[in-house]
Amino acid sequence: MGVSCVYTYPVPEGRSGSQVVDVLHKQIETMGGTKMGNFHVDCENYQSVMLNPAKTLQILHSSEYPASCFAILDSGITLVADTLFDGLMSNLKNYYQARKQNKMEFKGQRFQLADFVIKIGSVSLAGSFKGILVEVEYCPSVVASECWNLLKELLHSLIGNIAESPPPSLKVKMDETYTPAMTMAQYLDHFNNFRKAAAMSQPPR
Amino acid sequence: MNLEQAQADLILQSLHLIQKLRNGVGQVFKDLSDGISEYVEELPEKEDSEGNKDKSSSQNQKESTGSSHEKSEEQHEKHRTILKTLKKSLETISHDFSDLEKTGANIGPVQMFSNIDNLSLDPVDKNTVTHSQLLQSYKWTNKMHELANQAVSILSQNTLKRTQSPKFTNPKRQKGNLLAACLANPAAIDQLVTQLNQNNPDAKFSLSRPLGSCGVMQIELGRTLRAIVVLRGLTIEWVKVKGYDETFKTDDGQMDLWSGSRYQVFQKITHHAEAASLHYYAPLMPEIAIKSFVLWLRGFSNLFSAPCQKCGKYLQNNMPPTWRDYRSREAFHDVCRM
């Protein structure tokens, strides 16, 4: 467990997502990184049935923490529970209903570079490609403010100026001891942005 | 000794003879190839001249056949000389060969030094690589022996001695030092730890004795690292450094002194800390030695946030500056400290 930073990597026009991902993979390999299998993050979207205005609850799973699930409310309150929590949610059908069309997935390959773990993959909303996310984790450190400069140096050589400042959700917690929930909050920020962008591009019915 | 010398002379002599023999055989082949090539060259010339003469008048034909007769005579002459030289060289060869045989008969069987030489003679083992590998390992052992001897001579000049072997140290002097440093009172160690806790607010020190009389000091440095220091009296015996999220306890709650960190950074720092524990070794002033070691270790509190003093960068080979100078405690990359 260490400090993670997640960034969106823009896909230039005229190129497919998998092409960009391939270029990034090659870049990591030239930096000395080695492939260490695949990873998978998914985010399920639940909406309250009785409350008005409706509240949303997001449940995230990550292959990095296979025994846990992370439930995050709109307010940012996070609950870290065992994966049994999913079974509980299905019993709460009358209060919270899953919206399948809003399920997001982030899949790709995982690389190890000395003590860094780099994850590059594509994000899909209900099966369609939405964008690319890059996550860099520095495992030995647990305080973001201490290792931010270090991470920035690596991120610069990987994705350039995109990583000029820490991710917004991490910025306010730079001096706290890092927890996996902070990574999930970053994922959720990006997922929400992708969802918003998808909703904007869709013509209103 | 004399016998050996004579044997060596004989071998040398036979080697010379072999050289001579080879030279002779080479000469024969050279002569043979020269002779044949001359003979081959003659033939087309003869045909050519005959062809020219066909074109000219038939009167000249008789003369031409006459001249060709002369030419064949010449050729025969040449043939004979070639054969003569060939015969001569062959005779020299047979002479040389019999010489070699005679000398060879005088050479006694080569004395085997070890079973390995027998192994090399075994035809079954021809295809295996055992012999060459053994020879190689002999070479390495010899080399290692040589280097070890050099190391002993260098180490015996060094004043920082911890090994009790009489080869390295003056036993009389060592005895007094060891008594002071190693047989420290447990209460004195407890006192030292409380003192360290008071003087270093950024680090937490705790002492336990899982191994009996030896004290094991655990150091928690901010939120950066954890270190374990095994003390024999007041001498540092063993150092391990791990990450803040790692533990020095095994699954069943026992203290784990041996396993290393899973992070490359802390594996590197463990190596450096081991070197530092030798650097700060002062048997006459053991407390000062431990205090200066702890002071040095505290230099790692900015492990992830300090850039290298030489190259100004945070990362080198994807590692932060893992070295702290012994005097100034400035941060350097492992490769930048030279």
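The values are calculated or read from the model by the stated rules, or taken from the named source; none is laboratory data. Quick caveat: nothing in here was measured; it's all calculated off a predicted structure. Because the Cβ atoms are built from the backbone with ideal geometry, glycine has one as well, and the counts that use them run over all protein chains shown.
Here A:Ala144 passes the criteria (1) within 21 Å of A:Gln112 (Cβ to Cβ); (2) out of contact with any Lys or Arg (no Cβ under 8 Å at 6 or more places or on another chain) except the one numbered (2). Looking across the range A:97-112, the residues that are touching a residue at least 60 places away in the same chain (Cβ under 8 Å), more than 30 Å from B:Val265 (Cβ to Cβ) and not polar (S, T, N, Q) come down to A:Lys103, A:Met104, A:Glu105. Here the range A:121-162 is the region considered, the condition is being over 27 Å from B:Ser261 (Cβ atoms) and of a type in the set (A, V, I, L, M, F, W, C), and the residue that is farthest from the other protein chains (Cβ to nearest Cβ) is A:Ala126. Hey, does the range B:287-302 have a residue that's without any contact (Cβ under 8 Å) to a residue 12 or more places away in the chain, within 14 Å of chain A (Cβ to nearest Cβ) and of a type outside the set (Lys, Arg)? No, the range B:287-302 has no match at all. If you filter the range B:74-91 down to residues that are under 58 Å from the mean Cα position of the chain (by Cα) and either farther than 15 Å from B:Lys30 by Cα or of a type in the set (A, V, I, L, M) (or both), you find that the one that is surrounded by the most Cβ atoms within 10 Å (Cβ to Cβ) is B:Ile82.
Considering A:Phe116, A:Phe194, the condition of being buried (at least 21 other Cβ atoms within 10 Å of the Cβ) and not acidic (Asp, Glu) is satisfied by A:Phe116 alone. Only one entry in A:Phe85, A:Phe70 is surrounded by 15 or more Cβ atoms within 10 Å (Cβ to Cβ) and without any contact (Cβ under 8 Å) to a residue 40 or more places away in the chain, namely A:Phe85. For the range B:304-321, the set of residues classified as crowded, with 19+ Cβ neighbours inside 10 Å and more than 8 Å from chain A (Cβ to nearest Cβ) consists of B:Ala306, B:Cys308, B:Pro321, listed by residue number.
Being touching a Ser or Thr at 6+ places or on another chain (Cβ under 8 Å) and either at pLDDT below 85 or crowded, with 19+ Cβ neighbours inside 10 Å (or both) is the requirement here; does B:Cys182 meet it? Yes. Only a single item in (1) within 14 Å of chain B (Cβ to nearest Cβ); (2) modelled with pLDDT under 90 is not met by A:Ile118, and it is number (2).
Filter the range A:1-33 for residues that are assigned to a loop (DSSP other than H, G, I, E, B) and touching a Leu at 6+ places or on another chain (Cβ under 7 Å); which is nearest to the other protein chains (Cβ to nearest Cβ)?
Going residue by residue through the range A:1-33, those that are assigned to a loop (DSSP other than H, G, I, E, B) are A:1-2, A:10-16, A:32-33.
From the residues that got through so far, the ones that are touching a Leu at 6+ places or on another chain (Cβ under 7 Å) too are A:32-33.
Working: A:Gly32: 7, A:Gly33: 9 Å.
In this case the residue turns out to be A:Gly32.
Within the range A:112-123, being out of contact with any Lys or Arg (no Cβ under 6 Å at 6 or more places or on another chain) and either closer than 11 Å to A:Gly17 by Cβ or not small (Gly, Ala, Ser) (or both) holds for A:Gln112, A:Leu113, A:Asp115, A:Phe116, A:Val117, A:Ile118, A:Ile120, A:Ser122.
Which is within 14 Å of chain B (Cβ to nearest Cβ), part of a strand (DSSP E or B), polar (S, T, N, Q) and out of contact with any Leu (no Cβ under 7 Å at 6 or more places or on another chain), of A:Gln97, A:Gln112, A:Gln47?
Going through A:Gln97, A:Gln112, A:Gln47 in turn, the sole match is A:Gln112.
Among the residues examined, A:Gly127 does not qualify as closer than 24 Å to A:Gly14 by Cα and buried (at least 16 other Cβ atoms within 10 Å of the Cβ). Residues considered: B:Arg262, B:Arg209. Of these, the only one that is surrounded by fewer than 19 Cβ atoms within 10 Å (Cβ to Cβ), more than 18 Å from B:Gly299 (Cβ to Cβ) and within 39 Å of the chain's Cα centre (by Cα) is B:Arg262.
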